[in-house]
Amino acid sequence: MLNVVIFGAPGSGKGTQSELIIKEYGLDHISTGDVLRGEMKAETELGKIAKDYIEKGQLVPDELIVDMLANVLDSKKPAKGVIFDGFPRTIPQAKALKKMLNERGTDVSVMLNLQVEEEELIKRLLERGKVSGRSDDNLETIKSRLDVYHTQTAPLADYYVGEGKHVAIKGMGTIEEIFDRVKEAINNVK
Ligand code: AMP
């Protein structure tokens, strides 16, 4: 199986590159942000809890996210592999993912770390906010999401360096240029 973790700050292009990866490699896509937005829309208990965190730009607690992800994984038919988008975002989540995959006889194949300059991230997120309808794509929440990214999520890069799975990808340029770099990284692990 080919299990890809797509990693990077908010606005680094994880969703955009995920769509291209899915088409090219036939992987299943799990975006924890999308799952949470679905729960919010359906007004489930989890959705109601998540809403408060999401609107403040904070992370939803690990236990909730890990349980949610296990349920999503169990509901999927066996595929060629999965692309994890927006998960893991903390070290405990990364350890939980490893455990969940190992229990299913597989592991993370590669972690792609999309690297984009801060100014560009803010520009992209504000642009997206004009059309996304996402309650967290406004300047105040964007700033706290970036802050959370730097303090809680960025340290995960070192965890995957330690696992021998980390590949840095320059996330600036056109979508096609970035996808070429992504393909090269994936083809190297296949
Ligand atoms: P995203 O769509 O990935 O930008 O996620 C939007 C928001 O959902 C984040 O700012 C968090 O509040 C929440 N979220 C998504 N994925 C996770 C995760 N793996 N851990 C904690 N919170 C998450």
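All of the numbers you see were taken from the coordinates with simple rules; none came from a lab. Everything numeric here is computed off the predicted structure, so don't read it as measured data. In this analysis, Cβ positions are derived from the backbone assuming ideal geometry, glycine residues included, and neighbour counts consider all displayed protein chains.
Results, tabulated for the structure shown:
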{"quantity": "Computed helical MRE - 222 nm, the chain, DSSP H runs ≥ 4 contributing -39500 (n - 2.57), nearest 500", "calculated": "-17500 deg cm²/dmol"}
{"quantity": "Over the chain: Rg over Rh, Cα atoms, Kirkwood Rh", "calculated": "0.93"}
{"quantity": "Additional length obtainable on full extension of the chain from ASN188 to VAL161, 0.36 nm per residue less Cα span", "calculated": "8.1 nm"}
{"quantity": "Mean Cβ neighbour count within 10 Å, used as a protection proxy, ranking 82-90, 173-181 highest first", "calculated": "82-90, 173-181"}
{"quantity": "Pairs of lysines in the stretch 32-94 (C-alpha under 24 Å apart; 8 or more residues apart or interchain)", "calculated": "4"}
